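Working notes, structure below.
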Amino acid sequence: MSIAQQIVNKLRAAITAAVEKAQQEGLLPQAEMPAFTIEIPADRSHGDLASNAAMVSARAFRNAPRKIAEIITQHLDLTGTMLSRSEIAGPGFMNFFYDSSFYAAVLNDIREQGEAYGRSDYGSGKRVLVEFVSANPTGPMHVGNARGGALGDSLAAVLEAAGYNVSREFYINDAGNQIEKFATSLEIRYLQMYKEGYELPEDAYHGQDIIDHAAAFAEKYGDKYADAPSEERRKALVDYALPLNIAGLERDLLKYRIKYDRWFRESTLHNSGAVRNIVSLLTEKGYTYEQEGAVWFRASDFGADKDFVLVRSNGLPTYVVPDIAYHYDKLVTRNFDIAIDVLGADHHGYVPRLKAALTALGVDASRLDVVLMQMVFLVKDGERVKLSKRSGKAITLVTLLDEIPIDAARYFFNLREANTPLEFDLDLAIDQSSQNPVYYVQYAHARICNILKTLEAEGITPRVCTAEELSLLTASEEIDLINKLACLPEEIVSAAKDYDPSRITRYVYEVATLFHKFYNACRVKNEDLSLMQARLSLCLAARTVIANILSLFKITAPTSM
């Protein structure tokens, strides 16, 4: 538990004890005290912590909030809380101020924990499966997958830091309509090499990768399959090209610093009978009906807007059935406590259907959480870059990573909440100035390393400071920076609760900003050796926090720039 959270807990206990003491003395009525909050105020000049305890107690204690606050304050014992005093503001808000021991404790805590600082046991080891990207293996990944990759991988890392037991998974759609379309595209491109009169359908895959696969297949097998039965030819083409595409996905994602714990194939659900079993289970429970030869699920009975087809009149399951089977496998067969899907915003109508089916199957659908991700717009020279997926001219993940640093990609794709459209400025991503947020953060880390290196060249090395030495850090720039560093554990927990890694990119940018302000206002090297060592301790703490966050997001922390 962080120092800041310990203080909040102690203050809560102190306020509760003060109320109980006042009740014993008859100054407050014997009524149950309502739940109250303790939080960091927006304006720290009003206090380091603020509580609405008196405000929410007005009805229970039948008194004016300010009067209640005065009674609580009179009975408040702040001994051992690292709080020096309290004030009453306005109609009855209670504000509290840290004493110097708090700032020393934060710096010592960061020094002692090092790489572990910011981590907690909030998640209590609950098993969480994060599924993200899961791009169709029929072609290269695009910029939407690039955002999903950075978002999903960073979310998994944040959850791990918050104490969850996290697994990362990629779902390979190696069955169904997209594979049939893949086969058609390959077949036509292959036949075009040997025969005339074959046109690629409008809804087929038109990318250069299909042409390349067909050419490589022809180079290996020649015209062996030109006159073979279509089913045999299509299978041979898919068996050749699909493994190459899947290997390419894994290779490209590793380049993006993403390593999955498992690659789960949709085909295993078909081969094992899990897909058929879902329809059987829903039918046995009485939640299906037949109409015009198709099998329908009574989804509207479980919160969905309308019923939907499970099995078409031709006997083939719809795309949603293997998805239901897959999530049933996650939450029942493998028994993860929570399953998180990172999906494109176009899946918003799909989620209620999936949850309705899980509910009908007896699964607590609240264990499935879906992060819906809005679109990415690439910007270059101030203009949006036009993309055309059908023509095959879409910018792929690999193309993007050839244009910009991986550090910038992983940071920029986490600049905004997932539910917000993102404009990715390609020029800014390679700009080496303070306008580039990832460069700005990395520069703060490098600047600290340079300070330490310069002083070490002069024979000055950091050492462990006494509490008295650390109490010399009284400048507003020093206090503001320490207060921000103290927040990291709670920031990570909040990001985990909200499934929002962008909260941490904003936080580390603020840390960098406050460090630069501190550096410009407070000279680290000075004649007061105790103050110099205290400021070196602050530099080391800031470096640790920045490095820990960059490491969390798999972004490099340079020692020089």
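The values are calculated or read from the model by the stated rules, or taken from the named source; none is laboratory data. Given the structure is predicted, the values throughout are model-derived calculations rather than measurements. We place every Cβ from the backbone using ideal geometry, glycine too, and count neighbours over all the protein chains shown. Quick note on the areas: whole protein, heavy atoms, side chains included, nothing else; ligands and nucleic acids left out. Shrake-Rupley method; radii C 1.70, N 1.55, O 1.52, S 1.80 Å.
Mind checking region 182-250 for trypsin sites (Lys or Arg not before Pro) that DSSP puts in a loop (not H, G, I, E or B) and that have at most 15 other Cβ atoms within 10 Å?
LYS195, LYS224
Given points 7 Å out from each Cα along the Cα-Cβ axis, report the GLU403 to ASN177 separation in nanometres with one decimal.
Taking the two extended label points, one gets 3.0 nm.
Tell me, how many Å apart are the Cα centres for region 1-58 and for region 303-373?
44 Å
Given contacts defined as C-alpha pairs under 8 Å and at least six residues apart, what's the relative contact order of the chain, whole-number percent?
15 percent
Over the chain, with the other protein chains present, what is the accessible area per residue in square angstrom, probe 1.4 angstrom?
46 Å²
Taking a label point 7 Å from the Cα of LYS10 along the Cα→Cβ vector, which residues of region 106-138 have an amide N closer than 15 Å to it?
It comes to 106-109, nothing else.
Note down the net charge around PRO91, summing +1 for each Lys or Arg and -1 for each Asp or Glu among other residues with Cβ under 15 Å from its Cβ.
+1
Out of (1) 19, 43, 25, 11, 2, 0; (2) 21, 51, 25, 4, 0; (3) 17, 40, 30, 11, 1, which label holds the value of P(r) over Cα pairs in 20 Å bins from 0, in percent that was computed here?
Read-out from the structure maps to (3).
What value, in deg cm²/dmol to 500, does the helix sum -39500 (n - 2.57) over DSSP H runs of n ≥ 4 give at 222 nm once divided by the residues of the chain?
For the chain, the value works out to -15500 deg cm²/dmol.
Mind listing the phi-derived Karplus ³J(HN,Hα) values for region 169-174, rounded to whole Hz, using 6.51, -1.76 and 1.60 with θ = phi - 60°, and x for any glycine or proline?
Whole-Hz 3J(HN,Hα) from phi for region 169-174: 9, 10, 9, 8, 7, 9.
Return the Cα extents of region 396-463 along principal axes one, two and three, sorted largest first, each rounded to a whole Å.
On the principal axes, region 396-463 reaches 50, 26, 18 Å in Cα extent.
Among LYS306/LYS386; LYS224/LYS259; LYS126/LYS355; LYS126/LYS259, which pairs are too far apart, with a Cα-Cα distance over 30 Å?
LYS306/LYS386; LYS224/LYS259, as the Cα separations exceed 30 Å there.
How many Å³ per residue does the convex hull of the Cα positions in region 201-300 occupy?
Here the figure is 228 Å³ per residue.
Starting from the amide H of SER84, placed 1.01 Å from N in the peptide plane, find each other amide H under 5 Å away whose residue is 5 or more places distant or on another chain.
When sequence neighbours closer than 5 places are left aside, the close amide H contacts are PHE97, TYR98, ASP99.
What stretch of the chain, leaving out the sites themselves, is the longest with no GluC sites (Glu not before Pro) in a DSSP loop having at most 15 other Cβ atoms within 10 Å?
In the chain, the maximal stretch lacking such sites is 293-457.
In terms of the ratio Rg/(2.2 N^0.38 Å) built on C-alpha atoms, what value belongs to region 120-165?
1.40
Each label point is 7 Å from the Cα along the Cα-to-Cβ direction; what then is the distance between the points at PHE377 and ALA31, in nm?
If labels sit at PHE377 and ALA31, their model points lie 5.3 nm apart.
What are the membrane-span-like helices in the chain by this rule: whole DSSP H runs, Cα extent along the axis at least 18 Å, mean Kyte-Doolittle hydropathy at least 0.0?
3-24, 143-161, 437-457, 529-552
Using alpha carbon coordinates only, what is the Rg to Rh ratio of region 1-116, with Rh defined as the Kirkwood radius?
Computed over Cα atoms, the ratio is 1.02.
Within region 75-132, report the trypsin sites (Lys or Arg not before Pro) that DSSP leaves as loop and that have at most 15 other Cβ atoms within 10 Å.
LYS126
Rounded to two decimal places and with Rh computed the Kirkwood way over Cα pairs, what is Rg over Rh for region 151-242?
That ratio equals 1.23.
Report the calculated FRET efficiency for LYS285 and GLU527 (r = Cβ-Cβ distance, R0 = 56 Å), to the nearest 0.05.
For LYS285 and GLU527, the calculated efficiency is 0.10.
Between HIS142 and residues 5 or more places away or on another chain, which pairs have amide H atoms under 5 Å apart, with H built 1.01 Å from N, and which residues are they?
Under 5 Å from the amide H of HIS142 lie the amide H atoms of LEU397, each far enough along the sequence or on another chain.
Name the lysines eligible as straight-distance cross-link partners of LYS67: C-alpha to C-alpha under 24 Å, and not fewer than 8 places from it in the same chain.
Hits, sequence-local ones excluded: LYS10, LYS21.
Please compute the Cα-Cα pair-distance distribution of region 15-77 with 10 Å bins starting at 0, giving whole percents from short to long.
Binned Cα distances yield the sequence 23, 54, 20, 3.
Among DSSP beta bridges whose residues both lie in the chain, state the antiparallel percentage, nearest 5.
For the chain, the DSSP antiparallel bridge percentage is about 50.
Relative contact order of region 288-344, please, whole-number percent, based on alpha carbon pairs below 8 angstrom and at least 6 residues apart.
Relative contact order here is 20 percent.
Output needed for region 342-433: three equivalent-ellipsoid semi-axes, defined as square roots of 5 times the C-alpha gyration tensor eigenvalues, in descending order, whole Å.
34, 15, 11
What net charge is computed for the residues neighbouring ARG506, neighbours being all others with C-beta under 13 Å from the C-beta of ARG506, Lys and Arg scored +1, Asp and Glu -1?
Charge balance in the 13 Å sphere: -2.
Report the Rg/Rh value for region 260-385, based on alpha-carbon coordinates and the Kirkwood definition of Rh.
Expressed as Rg/Rh, it is 1.05.
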